[in-house]
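Reviewing the structure listed below.
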Amino acid sequence: MILTSLTFLLFCVITLLIYFLVPKKCQWFVLLLSSIFFLFYKNFNIGTFFYVLLTFLSAYFSALFIERYINKKHTKWFLVGGIVLILGQLILLKYVNLILITISPIWHLFGKSINLNIFSPTAPIGVSYYSLIMISYIVDVYRGMCKAQKNPLKCALFMSYFPILTSGPFIRYPDMKNKLYEKHKFNYDNLCRGLIRIIWGLFKILVISQRLAIFVNSIYANYLSFNGIYIFLAAIFFTLQLYTNFSGSIDIIMGVSKIMGIELPENFHSPFFSKTITELWRNWHITLGAWLKDYVFYPLMKSNIIQKIGTKTKKKFGKKVSKKITLYISMLIMWTLIGAWHNGAYTFIIGSGILQFIYMVLEDLLAPIASKVNKKLGINQETFGYKLYQCLRTFLLFSFAMIFFRATSVANAIDIIKHMFSFKGTVLTKLFSLGLTKANFIVLIISLIILFVVEYLQLKGSVTDIILEQNIVLRWTLLYLLIFAILIFGMYGPGYDQTIFIYRQF
Amino acid sequence: MIMKKLRNAIIFIIIFLIIFFLINKILRIVPNAISDFYKEPKNSLDVVYVGSSNAYAHFNTVLAYKEYGFTTGLMASDTQPIQSLKYLLKEVKKYQTPKVYVIDLGHIHHYKNDDVGAIRKIIDEMPLSFNRLALTKKLLEESKIKKKDYINYYFSFLMYHNTWEYIGNLKRDNLYKGYLLDRLTIRIEPQKKNDWNYEVSSLNKVQKEALNETIEYIKDNDLEVIFTVPVKVYDKKTMGYINEATKIIENNNLKIINFNTCEDFEIDYSHDLYNSNHINVWGATKFTRYFAKYLDHTYNLDDHRNDKKYSSWQKEYERFAKSLKKLTGEDIKNKDFGKVSQ
């Protein structure tokens, strides 16, 4: 179900009406039914049902057994068993082709070839989200952070809560258990705040992201015919498209959940005002980063292998260097996994994984040098100009990495980058013939200015609060302007592809 | 407190709907004869012409007003599907009380609804009503349009919201109370007249149903109606359709005039058509003068020429005469212009 479709709107209205009309003790059950409907809407077959059921049963029973045999020797095996079963089906659904591509050169050495289309199952919607959510659930039970949910239906609701299935955020059982199952009264303030959030999300997707997509798709589909400036512009536009698409989806999801009285964790915090890549990733897909830190990075740092490497390198290079080596190894593994989580393709592993890791390592290594140089040259790092330079540098580096994210293959990405530095041919004369007219460009630029102003205000506090604090005339005028901007300038209806939801595929 | 919040929410929605409908109207930027029909004040039309392009290209409403003083509305659109007839009569009845309805049968062969534009040109002009919804449902169900796209026809805003770019650039000033005068309708394309063939070809189920339900509606509402068959070049099959339709209409004691077989009306096929399906401005002038006279005499229609309330008709006539002079260099006041060949 597409988040900007009338079907989703209708689905939400019906769900909300039933949710607030049924006795409060049944509210969680309404959510479960609508989540199951959402999960299998136009995607029901034995396969998808089996995969969903397998994840659920693995998580449900391993959590129960972990709790029953807590502090026993074999408790760990219930944890490992649950994780292996969930990860196994995730790998089967999303990474078989990546594995086959990786091993096919070895196979070739023996004169054999691999059929890459050997296994292409239909994955249930949100598989990448609910799999990690359920892994965190059993780990949290193992760590004693929460009790296992004995009611299988309530456990199923935690796994399938419909707002998070398309684009996250990643939720954790200790934070959600009360919110999901407790009784919620209809609250007018929640309704207003939820609707404002939904409207803002729709603005980001329909007015900005879909508009950017037209330009980006035109360039990427035919990049050989364009001057480097166009490719450079397309790379920047794609980053903005990705952000407005993804964060807009999150806004809609958070808004719907807010109306029901269920607060979800924030996934973005004005990432383009970050001065370093490290800072950017603290504000971009926040819940994925936090998940991987808690369930991969820290356990990895404490693992025997890393500890052993630490001891060996300490002897050879000293404490400081050894600390860096173990840190970078763990980071490399974590960032490779972040890349792989996005999709089972090397473009994602490089674009949103390894390149980000390289940036962070360089930032870490070069920071003292840069600081010294700045001091010597007398550059004041606290000025607006310097901060702006840092933000732009971070944004451009991130956009460069996103070329891999958008490309069809690694070779394709390298070719696009090569063309980015070719400045033959006309400069920007074709700008208005790539699907966006001059008027559309003006709308895009104004919308981007609005976006950045709102993002900037969000650094200081909630923009929803600012709107709700205004008098009724200004408040309503702002809302009408936003709603009609979406209705008039939004890219929807016949001729527009509603399926351009980048994060939905993960 | 709760009541205040509820009141505010209702006011917010009402203001939203008002702005929405205003914007919807502004964004529908390509008007046609049907939109001109809705611009007329309630109960101000003496005649309403329902049909396809043969209606708005053949009957010059402002000329009829200038010469006989009666007002004519055109509920006409391009390649109008025959299934729309009953619904359009209903629509006319909601806004006007004409002394006579003219139903043009030039589009009897348009029943397949494959042309998306043809559907849009009718329903998008109609204000939201149960009748519009029923017509939309009917036309969609009998078309090849995919079900998933139906929503775009019920909510035309989905289709037209992106026309904001063209506001101010696309002015349609070639309609004169629905009548079309432009570079196309001043073209002269000589045609070969086919003698009328009286053989009958069976109307199919859709055509028959459309015709029968229209007749039933006419009878139920006791409407004064004339069916007309416009002058153009017909193929044998369409002539056959019209022959059978004529039988059905006459069997129901309703009037039908076939201008192709009228003894006292003739057009010059070497000069008066702009393509095989339509007469040009010279042909339209001949036809309008002939048919307006018939209507005026038969139905004793009111003469509004001295009524200030109808001054917009005189203004539109003058605009038409000016455009005609600009486009053809000829003057409508010249008595030989479009003279009826006898």
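The values are calculated or read from the model by the stated rules, or taken from the named source; none is laboratory data. These numbers come from a predicted model, not from an experiment. Every residue, glycine as well, gets a Cβ built from its backbone with ideal geometry; the counts of neighbours run over all protein chains shown.
Contact map, the range B:197-225: first residue over 17 Å from B:Lys255 (Cβ atoms), second residue part of a helix (DSSP H, G or I) and of a type in the set (Ser, Thr, Tyr), Cβ cut-off under 7 Å, separation 6 or more or different chains; pairs are B:Ser201/B:Tyr241; B:Leu203/B:Tyr241; B:Gln207/B:Tyr241.
When every residue of the range A:364-383 is checked against the conditions, none turns out to be of a type in the set (Val, Ile, Thr), under 30 Å from A:Val96 (Cβ atoms) and in a helix (DSSP H, G or I).
Scanning the range B:1-54 for residues that are loosely packed, with under 13 Cβ neighbours inside 10 Å, within 14 Å of chain A (Cβ to nearest Cβ) and assigned to a loop (DSSP other than H, G, I, E, B) yields a single hit, B:Met1.
Out of A:Ile36, A:Ile46, A:Ile14, A:Ile2, I need the residue that is touching a residue at least 24 places away in the same chain (Cβ under 8 Å), more than 14 Å from every other protein chain (Cβ to nearest Cβ) and among the β-branched types (Val, Ile, Thr). Which one? Walk me through it before giving the result.
Numbers: A:Ile46 fails: touching a residue at least 24 places away in the same chain (Cβ under 8 Å); A:Ile14 fails: touching a residue at least 24 places away in the same chain (Cβ under 8 Å); A:Ile2 fails: more than 14 Å from every other protein chain (Cβ to nearest Cβ).
It is A:Ile36.
From the list A:Gln390, A:Gln470, A:Gln458, which residue is touching a residue at least 24 places away in the same chain (Cβ under 8 Å) and under 30 Å from B:Lys5 (Cα atoms)? None of the others qualify; the one that does is A:Gln458. Every condition in (1) more than 30 Å from A:Ser330 (Cα to Cα); (2) in a helix (DSSP H, G or I); (3) touching a Ser or Thr at 6+ places or on another chain (Cβ under 8 Å) holds for A:Glu263 except the one numbered (2). Being of a type in the set (Lys, Arg) and not assigned by TED's automatic domain parsing to the domain that holds A:Met254 is the requirement here; does A:Lys154 meet it? Considered against the rule, which asks whether it is of a type in the set (Lys, Arg) and not assigned by TED's automatic domain parsing to the domain that holds A:Met254, A:Lys154 comes out as yes. Here A:Gly435 meets the list (1) of a type outside the set (Val, Ile, Thr); (2) in a loop (DSSP other than H, G, I, E, B); (3) within 22 Å of A:His342 (Cβ to Cβ) almost entirely, failing just condition (3).
The set of residues in the range B:133-191 being surrounded by 15 or more Cβ atoms within 10 Å (Cβ to Cβ), over 30 Å from B:Ala64 (Cα atoms), away from chain A (no Cβ under 14 Å) and small (Gly, Ala, Ser) consists of B:Ser143 alone. For the range A:58-75, the set of residues classified as out of contact with any helix residue (DSSP H, G or I) (no Cβ under 6 Å at 6 or more places or on another chain) and either assigned to a loop (DSSP other than H, G, I, E, B) or over 18 Å from A:Cys146 (Cβ atoms) (or both) consists of A:Ile70, A:Asn71, A:Lys72, A:Lys73, A:His74, listed by residue number. The criterion of being within 24 Å of A:Leu32 (Cα to Cα), loosely packed, with under 14 Cβ neighbours inside 10 Å and modelled with pLDDT under 90 does not hold for A:Thr102. Here B:Met159 clears all of (1) under 21 Å from the mean Cα position of the chain (by Cα); (2) part of a helix (DSSP H, G or I); (3) of a type in the set (A, V, I, L, M, F, W, C) except the condition numbered (1). Out of A:Ala290, A:Ala340, one residue alone is within 16 Å of the chain's Cα centre (by Cα), surrounded by fewer than 19 Cβ atoms within 10 Å (Cβ to Cβ) and under 27 Å from A:Tyr95 (Cβ atoms). It is A:Ala290.
What residue, of A:Tyr161, A:Tyr181, A:Tyr188, A:Tyr142, is touching a helix residue (DSSP H, G or I) at 6+ places or on another chain (Cβ under 9 Å) and within 14 Å of chain B (Cβ to nearest Cβ)?
Selected residue: A:Tyr188, the only one of A:Tyr161, A:Tyr181, A:Tyr188, A:Tyr142 that is touching a helix residue (DSSP H, G or I) at 6+ places or on another chain (Cβ under 9 Å) and within 14 Å of chain B (Cβ to nearest Cβ).
Tell me whether the range A:191-198 contains one or more residues that are under 26 Å from A:Gly126 (Cα atoms), without any contact (Cβ under 8 Å) to a residue 60 or more places away in the chain and outside the structural domain of A:Thr55 (by TED's automatic domain parsing). Scanning the range A:191-198 turns up at least one residue that is under 26 Å from A:Gly126 (Cα atoms), without any contact (Cβ under 8 Å) to a residue 60 or more places away in the chain and outside the structural domain of A:Thr55 (by TED's automatic domain parsing). Being at pLDDT below 90 and either closer than 21 Å to B:Pro190 by Cβ or assigned to a loop (DSSP other than H, G, I, E, B) (or both) is a property that B:Thr238 has. Residues that are over 14 Å from the mean Cα position of the chain (by Cα), without any contact (Cβ under 8 Å) to a residue 60 or more places away in the chain and buried (at least 21 other Cβ atoms within 10 Å of the Cβ) within the range B:58-97 comprise just one, B:Gln96. A:Ile219: touching a helix residue (DSSP H, G or I) at 6+ places or on another chain (Cβ under 9 Å) and more than 23 Å from A:Phe268 (Cβ to Cβ), yes or no? In short, yes. Here the range B:27-38 is the region considered, the condition is being within 14 Å of the chain's Cα centre (by Cα) and not acidic (Asp, Glu), and the residue that is farthest from B:His304 (Cα to Cα) is B:Pro31. Looking across the range A:446-499, the residues that are buried (at least 17 other Cβ atoms within 10 Å of the Cβ), among the small types (Gly, Ala, Ser) and facing chain B (nearest Cβ under 10 Å) come down to A:Gly490, A:Gly493.
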